[in-house]
Protein chains: 2
Amino acid sequence: MRSRVGYNICMTSTLTDTALDQLSINTLRLLAVDAVQKANSGHPGAPLGCAPMAYLLFHKLMKHNPANSKWADRDRFVLSNGHASALLYGTLFLAGYDVTLEDLKSFRQWDSRTPGHPERGHTDGVEVTTGPLGQGIAMAVGMAMAEKHLAAVYNRPGFEVVDHHTYAMLGDGDLMEGVSHEAASLAGTLGLGKLIFLYDDNLISLDGPTSLSYTEDALERFKAYHWHVQRVTDGNDLAAIEAAIAAANAETGRPSIIAVRTVIGYGSPKAGTNKVHGEPLGAEAVAATKKFFNFPEDQSFVVPDAALKNWRKAVERGAGFEAGWKKLFEGYRAANPELAAEFERTQKGVLKAGWEKAIPSFPVDKAVATRNAGGVILNAIAGQVPELFGGAADLTSSTKTIFKPGESFHVDATSRNVYFGVREFGMCAAVNGIAAHGGLIPFGSTFFIFSDYAKPAIRLAALMKVHALFIFTHDTVALGEDGPTHQPVEQLMSFRAVPGLTDLRPADANETAAAWRLALERTGPCFFALSRQDLPVIDATKHDVYAGVSKGAYVLQEAEKPQVVLIGAGSEVWPCLDAAKLLAGEGIRARVVSFPSWKIFEEQSAEYKASVLPAGVPKLAVEAGSTLGWWKYVGLDGDVIGIDRFGASAPGKKIMAELGFSAENIVARAKKLVK
Amino acid sequence: MRSRVGYNICMTSTLTDTALDQLSINTLRLLAVDAVQKANSGHPGAPLGCAPMAYLLFHKLMKHNPANSKWADRDRFVLSNGHASALLYGTLFLAGYDVTLEDLKSFRQWDSRTPGHPERGHTDGVEVTTGPLGQGIAMAVGMAMAEKHLAAVYNRPGFEVVDHHTYAMLGDGDLMEGVSHEAASLAGTLGLGKLIFLYDDNLISLDGPTSLSYTEDALERFKAYHWHVQRVTDGNDLAAIEAAIAAANAETGRPSIIAVRTVIGYGSPKAGTNKVHGEPLGAEAVAATKKFFNFPEDQSFVVPDAALKNWRKAVERGAGFEAGWKKLFEGYRAANPELAAEFERTQKGVLKAGWEKAIPSFPVDKAVATRNAGGVILNAIAGQVPELFGGAADLTSSTKTIFKPGESFHVDATSRNVYFGVREFGMCAAVNGIAAHGGLIPFGSTFFIFSDYAKPAIRLAALMKVHALFIFTHDTVALGEDGPTHQPVEQLMSFRAVPGLTDLRPADANETAAAWRLALERTGPCFFALSRQDLPVIDATKHDVYAGVSKGAYVLQEAEKPQVVLIGAGSEVWPCLDAAKLLAGEGIRARVVSFPSWKIFEEQSAEYKASVLPAGVPKLAVEAGSTLGWWKYVGLDGDVIGIDRFGASAPGKKIMAELGFSAENIVARAKKLVK
């Protein structure tokens, strides 16, 4: 297995196919080694071990077009072990993507296109952001789900316009992470036959041999998930890897995983040890490695012409793939003009004109929980926004996020209802993968408290700027009897602190409708925090609720020359309105501001912000969550009624009253500010 | 399997053993049904299905003492499917713990001892707080780790003073969660032979049949983790369950899981469906269920004398267990007085007198990263605090949290070094379990960014108030090249918002030493945020650093009649000190406050707080993280230099300078406040 596979690069004119393969692979290996060495930071081990797999995929097996990394029907590739970024960047450069040798030379530097870990939207050809381990696995599952659903929806006999595979490369670290279990178990249940994993089975993790902490039989585990499993005993054996991938392709009813036994840091002096995992080899070892591969020891970033020419065949192959597909698509368009137009619209991420007219307005005569309003809205817009696709983490009946009549994607791939199971993290990461795939606007839902389980994926959605929606219900202690284990307290503030993540905490059904409109109109990730309990409804005939919500915060009820501003968020708007009435009875003029979104409010002009929260008028914020951030809006001369403790198990109304969310308490605290 | 197992309770005088078993089980079943019905909230399905297992464990198989739920050598029981709380409360009442029938009647009510989900410290006999699914599994793994380590450390031939099992009951939801994978894979690697899982394999989850989303072969999965697996085909077959548990007990080298096929809601009209999972049965179905079990349909909370008498045999058994152990322990004490004293001290959670003298002080002549200081401190106090036990999530060489020379608990159970693998969530939940077990002060460490993966466990540590330590390194964007996927931004603020969780972000090595002292002196969970980069050292000969840190924030450098207060947190104290010097050069007097802990600062008197952050003096907070919460301390007329965007991949110093953490920028912003 440690057989020498280096070839003298001077011999390029007389190279056999095998030698050309090896030269191409070794060129990639050493580009990665040089990039890490020059940056004096990075991970050379995985690139040295995994280069043969990357070469096979991008050079020979994958259907992709380096000239158009956005082509809709390309095979997707996810580098779940994102620390091997130098491998991916080197591959993208060699295969002809818009990544240059200069980019490789500025690996991990300020403002470069080659950051420490692959970042979607930052580097051509990078499908998703990876590095936080395990999530690439779940995003790949999401991509394969998207493909399966879109194929079921759009393909017609003779016109398989959606027909691609999702490949992911992953390491021991990915498989140790819990999200690998959630995603792989889900993928097995869904029978995602076009999902193929290449497991870099190198027996080494950062701390040392995997025997220290990871002795499970990963393939047996995947078998238990009903995956197709294979083993390749030598990661340098191109024929064996290719045969395994061919067998995985032939298996259409189950996802496939191929464990490829590689040598971490292959060709370098400390190959096969954790010493080559996460730091540069050092000048001496770099030279030794180059010598091993018969590359000049004193040169860096060497790209033999023959190797580059060979790699760049991917460009021609890619042009052919896309041209063929375009021809197919024109035939499809001729036969199915409406479907074709819809396909193109959704691929562009453009909403159907006038879709928002389908959003319902709620009358004031009946109190409604915002989770229920959300369910009504979802179904009302379902026809106009067919790209909506998602479900809940085994809480469908509680979060109300189901398209009626409730059929399952698992049973019928045209269905938009996904039963994700009790897998919050896997769900949200898969949602990110679906969003990254394109053509769909995915959502995942659960109780707000369990957003904690999915935090890493929600953060990644924000970092990737994908259009992913997270619908969290049971948003405060008012959920009641389930108690503190189920009652969010700090979650609102935590998620508001995530850069680029839009928070939407509507006060009622009509604000929920406005929030849904904004969530679809905006292009980045949003989360909803919706109530379990019924709430009164704002009169939409008197208020332009959408206009208000689209500013993040707005004056819901004005008072002439207000003496105090009561800021209510979500369900706490209602006790504020009650308090304003009581205060009015005592001759105190209180403005009530509804504050459904911090992120959107922050986008407004200083003038608008000051018009809502005027300087010189004391302010009292009321929200059933952490007080921590509210001081930014109320100032040290203001006040906050919030929750800086854990909740309690009791009926919701009882808890809310005990914790201070009564009109009476708001009045008392407001009066202290006014005097 | 659906055979009738109810017995007429009038026949109690002539009951056979079998009939008495059934009466006892059905009494438990119906107490749970009645508690849920009276609360009009809760989960009757699992109690009806799982009561036979609970009965067998608490009545017959477990070594426990209802009169002393804190007895050190008791078997532990974890109800991972915590929504079945009514089952646990009913069991604890019947077995003779300090849970009364009145408590069952006030299930899920304000101030009751029987909250919606089991809460450690709230109800006698509840070992850990459960409900957030999957975590009970990982906490049980932690408990079994604690037992294994303590047994290795304390037992002597003939004196097995630590010798107990950890049982956990769990459901499909627990097994779907990713943390089940992390914990079970770790447990398999560690060969935790005294860990026994009872899997309530009822084929139903909240949304419907598990076939909707969960089709894996769970036992095959556990086999892949090297667990001992068994299946019991009828959850009402006491003999079969008992035999399986006996076989699990006989297997000492591997953890065991027994899948017990039960019927959710057994005996109720909608048995076997998701309709009985999470809501009261309703009066009619309650009556029908009572009829099924031959209990009076018109009475609630019925406890037949024979059943109670039978259950309460657990009290006598328990007294015998503990008496036997006490006798054993006295023999042990006679032979090993020092060990016995140490055992008792650590079980009480009391630190060794004078232990803190082992904490090193760091000289000012050499800059040191606080992660490195942490490693030095850990090893310096290791001998004085033998109850410290923990490790990292495959980042030992980066987080420096290893006892030298670095042997592994996996290989030698007396070792205090745990290689947790890339399993942040599993690690932190196991740490909670170790802390809940007692006798150890556990810690887990990883990069601060990956605290996100473990958020649900860290929250649970705070809710349980366990003495668990979370050591997070690479605490800001200053970690550099790994880029935004690895750079924490919002994490500090998020964790500061968690009630009862102490934040410790020291500015240097000596504050790190003080933080370690506080982390051990305090009794609840703490997290450290430590730097990757080297930092100067505060002169401990001139400052009482411990006194300062123990106040949460303190004046590190005074200026006469300060015109501005520069508040630095963690590594950002240093540019503040530089800025103060530059400001002094311009004739501006700046006080510098070091702010290592918000939670501790909040505990101080209003006077102390005002003395550090005086009203009327403008304040500038500087921290390489979210600004969101700082306005509470600086006010709207103050300013914050922080990070409300994602980081970037580049050398750390470059990033810090680009994002405004230079003395020059601090000076510029401070001058705006002063004028």
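Quick notes
- Distance between the stretch A:514-533 and the stretch B:359-384 - C-alpha centres, whole angstrom: 48 Å
- Shown are A:His165, B:His543, whose ranking by accessible area with a 1.4 Å probe and every protein chain present, most to least, is B:His543, A:His165.
- Computed FRET value (nearest 0.05) for B:Ala382 with A:Leu328, which takes r as the C-beta separation and R₀ as 41 Å: 0.05
- Label 7 Å beyond Cα on the Cβ vector: A:Pro360 copy-to-copy distances, nm: 6.7
- Shape class for the stretch A:355-535, computed from the alpha carbon gyration tensor (a ≥ b ≥ c): rounded, with a/c under 1.5.
- The fraction of accessible area contributed by carbon and sulfur in chain B is 52 percent, rounded to a whole number (1.4 Å probe; ligands and nucleic acids excluded).
- Reduction of at least 10 Å² in accessible surface, 1.4 Å probe, comparing all protein chains with the chain by itself, residues of the stretch B:115-130: B:Pro115, B:Gly116, B:His117, B:Glu119
- 10 Å-binned pair-distance histogram of the stretch B:16-319 (Cα, whole percent): 7, 30, 38, 21, 5, 0
- For chain A, the longest principal axis of the C-alpha atoms and the axis of helix A:337-348 are separated by about 90°.
- Label 7 Å beyond Cα on the Cβ vector: B:Asp111 copy-to-copy distances, nm: 6.4
- Prolate is the label for the stretch B:136-212, because a/c, from the alpha-carbon gyration tensor with a ≥ b ≥ c as root eigenvalues, is 1.5 or above and a/b exceeds b/c.
- Karplus-based coupling profile of the stretch B:605-610, in residue order and whole Hz: 5, 4, 5, 4, 4, 5, with θ = phi - 60° in 6.51 cos²θ - 1.76 cosθ + 1.60 and x standing for Gly or Pro.
- Ligands, DNA and RNA excluded, the heavy atoms of A:Lys366 present near 140 Å² of accessible surface to a 1.4 Å solvent probe.
- Residue order for A:Asp207, A:Asp534 - accessible surface, 1.4 angstrom probe, largest first: A:Asp534, A:Asp207
- Accessible area buried by the pairing of B and A, both sides summed with a 1.4 Å probe, works out to roughly 8100 Å².
- Note on chain A: dipole from Cβ charges, positive end direction compared against A:Ala621, A:Ala271, A:Met143; the farthest Cα belongs to A:Ala621.
- The heavy atoms of A:Thr414 present about 60 square angstrom of accessible area, all protein chains included, probe 1.4 Å.
- The angle separating the long axis of helix A:17-39 from the principal Cα axis of greatest extent in chain A is about 50 degrees.
- In a reduced charge model with +1 at each Lys and Arg Cβ and -1 at each Asp and Glu Cβ, the protein assembly as shown shows a dipole moment near 1000 debye about its Cα centre.
- Electrostatic dipole magnitude of chain B [Cβ: Lys, Arg +1; Asp, Glu -1; Cα centre; debye, to 20]: 640 debye
- Label point distance in nm, A:Gln299-B:Asp298, each placed 7 Å from Cα along Cα→Cβ: 9.9 nm
- Interface residues in the stretch B:635-667 - accessible area drops by 40 Å² or more relative to the isolated chain, probe 1.4 Å: B:Leu636, B:Phe646, B:Ser649
- Cα-based helix-to-principal-axis angle, A:178-190 vs chain A, degrees rounded to 10: 80 degrees
- 23 Å Cα cut-off, lysine pairs counted over the stretch B:267-321 (separation 8 or more, or different chains): 6
- Chain B comes nearest to the axis taking it onto chain A at the Cβ of one residue; that residue and its distance, in whole Å, are B:Gly178, 1.
- Modelled FRET efficiency - R0 35 Å, A:Trp110 with A:Ala152, Cβ distances, 0.05 increments: 0.20
- Take each residue of peptide A:223-230, count the partner chain Cβ atoms within 10 Å of its Cβ, and average: the result is 3.
- Solvent exposure of chain B as accessible area per residue, Å², 1.4 Å probe: 31 Å²
- Whole-Å distance, taken between Cα centres, linking the stretch A:201-266 and the stretch B:243-275: 33 Å
- Separation of the B:Arg312 and B:Ala668 label points, Cα + 7 Å toward Cβ, nm: 7.8 nm
- Here's the picture: a label point sits 7 Å out from the Cα of A:Ala610 along the beta-carbon direction, and within the stretch B:622-646 the residues with their amide nitrogen under 18 Å of it are B:636-639.
- Label geometry 7 Å along the beta-carbon vector: B:Ala547 inter-copy distances in nm: 6.1
- Simple spin-label estimate for A:Ser361 and A:Glu279 gives 6.7 nm between the two label positions (7 Å along the Cα-to-Cβ direction from each Cα).
- Three-way shape call for the protein assembly as shown based on the alpha-carbon gyration tensor, with the a/c threshold at 1.5: rounded
- Inter-centroid distance (Cα atoms) of the stretch B:620-644 relative to the stretch A:28-64, Å: 42 Å
- In summary, the convex hull built on the alpha carbon positions of chain A has an orientation-averaged projected area of 31.0 nm².
- Rounded to the nearest 5, the antiparallel percentage of DSSP beta bridges internal to chain A is 15%.
- Rounded to the nearest 20 debye, dipole of the stretch A:355-535 from Cβ charges on Lys, Arg, Asp, Glu: 360 debye
- Dipole of the stretch B:355-535 [Lys/Arg +1, Asp/Glu -1 at C-beta], most positive-end residue of B:His474, B:Ala430, B:Leu504: B:Ala430
- Count, lysine Cα pairs under 13 Å in the stretch A:550-673, 8 or more residues apart or across chains: 7
- Solvent-accessible surface (1.4 Å probe) assigned to A:Ile264 amounts to roughly 10 Å².
The values are calculated or read from the model by the stated rules, or taken from the named source; none is laboratory data. Please read all numbers here as calculations on a predicted model, not as lab measurements. Neighbour counts are summed over all protein chains in view; Cβ atoms, including those assigned to glycine, are modelled from backbone coordinates with ideal geometry. With ligands, DNA and RNA removed, areas are computed over all heavy atoms of the protein, side chains included. Shrake-Rupley method; radii C 1.70, N 1.55, O 1.52, S 1.80 Å.
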